[in-house]
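Scroll down for the structure; my scribbles are underneath it.
FYI, it's all coordinate maths here, none of it is from the lab. Bear in mind the structure is a predicted one, so any value in this text is a computation, not a measurement. No Cβ is skipped: glycine too gets one built from the backbone with ideal geometry, and neighbour counts run over all protein chains shown.
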Amino acid sequence: METDLRLESSLWIGNKRYRAVLTGWHLKWTEADKKNGDKKTVSVPVAEVVGVENGRVEILPQKSVEDTDKDFTVFYIKRSRSRSTYGLLWSLGRTQFSCPSRVLRDQWTNHLRTALKTHSPLRPHRLLVFINPFGGKKKGREIYHSLVAPLFELAGISSHVIVTERANQARDHLLKKDLTGFDGVVCVGGDGMFSEVLHGLIGRTQQEAGLCETDPAVTLQPCPLHIGIIPAGSTDCVCYATVGVIDPVSSALHIIIGDSQPLDVCSVHHASTLVRYSVSLVGYGFYGDVLAESEKHRWMGPLRYDYSGTVVYLSNRSYAGIVQYLPADPLLSSPKDKTRCLSGCNVCSRSTERLFPHTSDSGSLYSSHFSQYSNDSEGEWVSVEGRFRCVSITCMSSSCARSPLGLSPSAHLADGTGDLILVWDTHPLSFLKFLYRHTSTQDQFDLPFVEVHRVKAVRFSLPDGREEEVHEGIGELNRAIEEREYVDTVSRNGSQQQLAQSVVERETMNEHKTVASILCGLCCKKTPAVSVWNCDGEILPFTEIFCRIHGQLVRLYARGIEDGAAMQNCSQESDKNKSRCITYK
Ligand SMILES: CCCCCCCCCCCCC/C=C/[C@@H](O)[C@H](CO)NC(=O)CCCCCCCCCCCCCCC
Ligand SMILES: Nc1ncnc2c1ncn2[C@@H]1O[C@H](COP(=O)(O)OP(=O)(O)OP(=O)(O)O)[C@@H](O)[C@H]1O
Ligand SMILES: [Ca+2]
C-alpha cells in the first residue's frame with residue numbers, strides 16, 4: 001500500500017531547498033544544499049500529521065490563510081519537555097512548503113491526505129463535548145473556544161458542544177440521549193466533570209448490555225466510546241496521570257490522532273447498591289476530611305484544598321476501622337517495584353492478555369466472555385483492624401500538580417488492579433513526613449506506619465456496627481426529611497411554585513443535615529469518630545463500603561505518560577519499522 005503512496009521531490013521552506021520524501025509511514029525532509037555533515041532531517045510519522053492545508057496557513061494563536069497555488073502547509077505533533085512535569089508537552093508543529101508548480105503542490109496535498117486516511121479509522125470524526133463553565137478557574141469555555149475548537153476544525157472533526165447549566169447534566173445526557181454517530185465524549189473541566197462522563201458512559205453501556213450495575217459481583221461491559229479530557233479543573237489528576245501534562249492543546253492533539261489508553265475503574269458498593277465509580281482516589285480519613293472541609297470553601301478555587309488540608313492536618317484525627325482486601329497476584333507486579341507506568345507500559349499490555357484472553361486482538365471490546373473475574377475466587381482475603389490516619393484505594397498513580405509521582409507512583413493505569421494504602425495512626429510529625437514525601441521523589445511507603453498492597457477488591461467496615469447504626473439512624477432521619485419535603489412539594493402542584501419550593505426544600509434539608517451532623521458530632525463526643533469517603537472528589541453517603549477493580553473498563557484519548565528521557569533526535573530509521581519517531585525541534 002505505501003509503495004504507490006511514495007512521493008519524492010524538492011520542496012522549499014522559505015528560500016532553502018529541501019529533499020522531501022513521503023512513504024506510507026513517514027514524511028521526511030532534509031536540507032539539500034549542504035555538505036553531508038550537518039544535514040538536518042525532520043521526520044514526522046504520518047500517524048502524527050494533524051492536517052494538510054493548501055496555501056500558507058496559520059492556526060494558533062489566530063487562524064490566517066494566504067491561499068496561494070504553489071504552497072501547502074503541513075500540521076503535525078511537536079513535542080517539547082515540560083518544566084514542571086514528567087510528561088512531554090505536545091504542540092502544533094507547522095511547516096509551510098513551496099513547490100515549483102501547482103501540479104506538484106496538488107500531488108503533495110493529495111498524497112498526504114490519502115496517507116492520513118490509512119489512520120482515520122482510529123481517529124474520531126464526531127465528538128460530543130461537555131463544558132463545565134464553573135470548574136477550576138472557570139475558564140472552560142475560553143479554553144475550548146480559543147485553543148481546542150480550531151484544532152478540531154483543522155483535523156476535520158465535527159463536535160456537538162453542550163455547556164452544562166447544572167451538576168450531573170452531562171451524566172444524565174449520556175444516560176438518556178441518543179449517542180449514535182459519536183466516536184467519543186470530551187469533557188472540558190476537572191476530575192469531577194470526568195467522573196460525570198465516566199458514570200454516564202458506564203451506566204449507559206451496562207443498560208444497553210442488559211447488565212445490572214447494582215450487583216457487586218457483576219462483570220461490567222467495557223465502554224465503546226472513548227473519553228477525552230480537556231483539563232480545566234482544580235486537581236485534574238486523571239488527565240495528569242494519563243497524559244502526563246495539564247495542557248489543553250496537548251490533550252486536544254491526543255484526541256485528534258485517536259490515541260487509546262485503557263483505564264481501570266473501581267466500583268464502590270454499599271450493601272447491595274452501587275454508590276459510585278472511581279479512578280483516582282477512594283480515600284477515608286485525611287483525604288475525606290480534606291474534601292469535606294474544602295466543600296465549604298469552593299469560592300477559593302484550587303486553593304481550597306491546600307487551606308483545608310492544613311486545617312484538617314492540624315485537627316490531628318485518626319479513625320478506627322476494619323480493612324479487608326483481596327491481594328492481586330504478587331508475581332505480576334508490586335506497588336513497591338519502582339516501575340513507572342509509561343506510554344507502552346508492558347505490565348499493562350501483558351495484563352490485557354490476562355483480562356481479555358479470548359479476543360483475537362485485545363483491542364476489541366466486544367468479546368463475549370470476560371473470564372477476568374473467574375480468577376476472582378482465587379486468593380485469600382486479608383483482614384486488618386486498627387486506627388488509621390487514612391485509608392486510600394487508587395486504580396492509578398493519581399499523580400497531579402501537588403504530587404508529581406502521585407499517591408502510588410508504581411500503580412498501573414490498565415493492569416486490572418488497584419493499590420491499597422494504609423496509614424496507621426502515628427505522631428503528627430511522622431504523618432507530615434508521609435504527606436511531604438508526596439511532593440518529591442522520596443518513597444512515601446518507606447515508613448513504619450505505612451503499608452501498601454496491590455489488590456483486586458477491598459472491604460471497609462467500622463469496628464462495632466453500633467456507630468453505623470447511629471449513623472444509619474441519622475441517615476434515616478435525613479431520608480425521612482427528604483421524603484416529607486418531597487411529598488409536600490409534589491402535593492402542591494404548579495411548576496414555578498415547585499421550582500421555588502425545591503429551593504426552599506434544599507435549604508430546609510441542608511439545615512436538617514447540619515442539625516444531624518451536629519447531633520452526630522455530639523454522639524461521637526469530641527471530634528467525629530467517623531470520617532467520610534472521598535471518591536474522586538465526591539463525598540460518599542456511606543462509611544461501610546465494598547470496592548472492586550474492573551480492569552480496562554473505559555478508554556481515554558491518551559497514550560500514558562511519555563518518558564521525556566526517551567526523547568531523542570531521530571536519525572535515519574527505516575520506513576518499515578513503525579517505531580514512533582520523536583521529531584526534535
Ligand atoms: C506538606 C505538604 C503536603 C502535600 C501533600 C500532598 C498530597 C497530595 C496528594 C494529592 C492526591 C490527589 C488525589 C486526587 C483526587 C481527585 O480525584 C480529587 C478530585 O479532583 N481531588 C481531591 O480530592 C483533592 C485532594 C487534595 C488533597 C490535597 C491535600 C493538600 C495537603 C496539604 C497539607 C498541608 C499540611 C501542612 C501542615 C502545616
Ligand atoms: N454547570 C454546572 N454548574 C454547577 N456545577 C457543575 C456544572 N457542571 C458540572 N458541575 C459539577 O461541578 C463539579 C466540579 O467540576 P470540575 O471537577 O470540573 O471542577 P473542579 O472540582 O474544580 O476540579 P477537580 O475535580 O479536578 O478538583 C463536578 O462534580 C460537576 O458535577
Ligand atoms: Ca490499576
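Distance between the 7 Å Cα→Cβ label points at N168 and T118: 4.9 nm. On full extension, the segment bounded by L332 and R102 gains 77.0 nm, given 0.36 nm per residue less the C-alpha separation. Taking 0.36 nm per residue of separation and subtracting the current Cα-Cα distance, fully stretching the chain between A401 and T180 would add 75.9 nm. When only alpha carbons are used to place a centre, segment 408-447 and segment 15-50 end up 47 Å from one another.
If we count every other residue with Cβ under 11 angstrom of G228's Cβ, Lys/Arg +1 and Asp/Glu -1, where does the sum land?
Computed value for this residue: -1.
Distance between the pseudo-spin-label points of A271 and R126 (7 Å out from Cα toward the beta carbon): 4.3 nm. Tally Lys and Arg at +1 and Asp and Glu at -1 over the other residues with C-beta under 12 Å from the C-beta of S333: what net charge comes out? Once all neighbours under 12 Å are counted, the net charge is +2. Paramagnetic label reach from K63 (point 7 Å along Cα→Cβ; backbone nitrogen cut-off under 17 Å): within segment 170-199, no residues.
Annotation note: GluC sites (Glu not before Pro) in segment 148-210 located in DSSP loop regions with a Cβ neighbour count of at most 15 within 10 Å are E165. In terms of its alpha-carbon gyration tensor, segment 209-336 comes out oblate; a/c meets the 1.5 threshold, while b/c is at least as large as a/b.
Backbone geometry of segment 167-181 corresponds, through the Karplus equation with coefficients 6.51, -1.76 and 1.60 at θ = phi - 60°, to 3J(HN,Hα) couplings of 5, 6, 5, 5, 4, 4, 4, 5, 7, 10, 7, 6, 10, 5, x Hz, x marking Gly and Pro. Summing charges over all other residues whose Cβ lies under 11 Å from the Cβ of P248, with Lys and Arg as +1 and Asp and Glu as -1, gives -2. Restricting the trypsin sites (Lys or Arg not before Pro) of segment 57-164 to loop positions (DSSP other than H, G, I, E, B) with no more than 11 neighbouring Cβ atoms within 10 Å leaves K63, R83.
For the pair S146 and S80, label points projected 7 Å from Cα toward Cβ lie 1.7 nm apart.
For the pair S383 and E208, a Förster radius of 30 Å applied to the C-beta separation gives a FRET efficiency near 0.20, rounded to the nearest 0.05. The number of Lys pairs in segment 103-195 with C-alpha atoms less than 28 Å apart, excluding pairs fewer than 8 positions apart on the same chain, is 4. Potential lengthening of the chain between A565 and E353 amounts to 73.5 nm, from the contour at 0.36 nm per residue minus the alpha-carbon distance.
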